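Report on one structure; see the data block that follows.
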Amino acid sequence: MIWREHHTVSTRDGVSLAVTTYQEEGRAPREALLLLCATGVRQERYEPFARWLARDGWRVITFDYRGIGRSVLPEEARHTASMRDWGEQDLTAVIQWAHDVFSPERLVAVGHSIGGQLLAFSENHHRLGAVVLVAAQRGWWRHWRGWRRYGVLLFFGLYIPLCLKLFGRVPLSFVGLDDLARGMAEDYSRWGLAEHYLWPSGESQSARFSECTFPLLALSFEDDTCYAPKRAVQVLLHDYYVSAPALWCHVEHTRLKLRGLGHSGFFDPGRCPQGWWEEISAWLRTASASSLTLAQRAAANAPALASLARSVERTPGRRAGVGGGDHKEHLPPQP
């Protein structure tokens, strides 16, 4: 049986966050795993994955960013809460809480979409032993191709400003997400329209990614063309997380004769290929800067992620958030 317990964690600026922990009954896990949500997604969406991880021996921690789900903001704070706060305040607070309350021997994270970007803005990401990015991307509109590029441009440049003018928020319920309050939506729009992560002052914060040195394993998906196309994922890995030793698995489902997973299918036990969750869990337990390799496993109903993994090599001297140059991908050494 899996125990689920609800907690409240206070941030440095006084916001109360809704946090949930999962662990298997009768066990006292010494390893803890944070699940970081995508934009507008409530933590409950990841519950099947969290429960599976708990059965695999992890203490799993999920939470809602301020203004999302059960992390309700007081009226006076709704217009000032921002995506910057999601990283600088919320994620920082939850990492510190997990460290102080559970004293885990190993603390790791799985970040979905924006969750994989916010890590750079937390003040204590150095406490993380390893990180998996699922469909995490650099969301500048120019990283999309064809007509989708202009659809993304219209979303960031027209839909968000128009909604803020008309409603003071951005409705996203039509795609199953929570609405974004003004400050969050303004960050979202600014980051989508500019090449780098700009603060309201116009100052770029992209260099903060280069401070992240945790081992990374990134997953992207061929059919995730609306939210995290291959180019947008590639740029985040090569041009931003430049100090993080990394592996990248790009899943070409048509070539592999698999069902497409889109942006969120990895977290759906009915869609994710058998064995992939086991590979992710095992990698998070053992990954280090000197040992990134995914362990091989016997083939089940899909190729092992280990067979898809490529090491990420950056051009010498590349700085976070500075593009240009050719990208190289090489096979990691076989175990």
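The values are calculated or read from the model by the stated rules, or taken from the named source; none is laboratory data. Fair warning: this is a prediction, and the values are worked out from it, not measured in the lab. So basically every Cβ, Gly included, is an ideal-geometry build from the backbone, and we count neighbours across all protein chains shown.
The one condition from (1) assigned to a loop (DSSP other than H, G, I, E, B); (2) within 17 Å of the chain's Cα centre (by Cα) that W248 does not meet is (1).
Of a type in the set (A, V, I, L, M, F, W, C), at pLDDT 95 or above, crowded, with 21+ Cβ neighbours inside 10 Å and in the same structural domain as W277 (by TED's automatic domain parsing): is that true of L180 in this structure? Against the criterion (of a type in the set (A, V, I, L, M, F, W, C), at pLDDT 95 or above, crowded, with 21+ Cβ neighbours inside 10 Å and in the same structural domain as W277 (by TED's automatic domain parsing)), L180 does not qualify. Considering the stretch 251-269 alone, what residues qualify as being in contact (Cβ under 8 Å) with a residue 60 or more places away in the chain and surrounded by fewer than 17 Cβ atoms within 10 Å (Cβ to Cβ)? Scanning the stretch 251-269 gives D268, P269.
Applying the criterion of being within 19 Å of S173 (Cβ to Cβ) and in contact with a strand residue (DSSP E or B) (Cβ under 6 Å, 6 or more places away or on another chain) to the residues of the stretch 48-72, the residue that is surrounded by the most Cβ atoms within 10 Å (Cβ to Cβ) is G67. When the criteria are applied in full, R45 meets the requirement of being outside the structural domain of L164 (by TED's automatic domain parsing), basic (K, R), at negative phi and touching a residue at least 60 places away in the same chain (Cβ under 8 Å). Checked against (1) farther than 30 Å from L284 by Cβ; (2) not in a loop (DSSP other than H, G, I, E, B), V235 passes all but a single condition, namely (1).
Given the criteria under 18 Å from the mean Cα position of the chain (by Cα), touching a residue at least 12 places away in the same chain (Cβ under 8 Å) and assigned by TED's automatic domain parsing to the domain that holds R208, does L34 qualify? The answer is yes for L34.
In summary, E75 fulfils each of the numbered conditions (1) of a type in the set (D, E, K, R); (2) in contact with a strand residue (DSSP E or B) (Cβ under 8 Å, 6 or more places away or on another chain); (3) over 23 Å from R138 (Cα atoms) with the single exception of condition (2). Which residues, taken from the stretch 73-99, are touching a residue at least 24 places away in the same chain (Cβ under 8 Å), assigned to a loop (DSSP other than H, G, I, E, B) and surrounded by fewer than 20 Cβ atoms within 10 Å (Cβ to Cβ)? L73, R78, H79, T80 - these are the residues of the stretch 73-99 that are touching a residue at least 24 places away in the same chain (Cβ under 8 Å), assigned to a loop (DSSP other than H, G, I, E, B) and surrounded by fewer than 20 Cβ atoms within 10 Å (Cβ to Cβ). Looking across the stretch 141-180, the residues that are touching a Phe, Trp or Tyr at 6+ places or on another chain (Cβ under 9 Å) and of a type in the set (D, E, K, R) come down to R149, D179. Each residue in the stretch 280-313 was checked for being at pLDDT below 95, aliphatic (A, V, I, L, M) and out of contact with any strand residue (DSSP E or B) (no Cβ under 7 Å at 6 or more places or on another chain), and 8 pass. Any idea which of R27, R66 is outside any helix (DSSP H, G or I) and either in contact with a His (Cβ under 8 Å, 6 or more places away or on another chain) or modelled with pLDDT of 95 or more (or both)? Unique residue meeting the criteria: R66.
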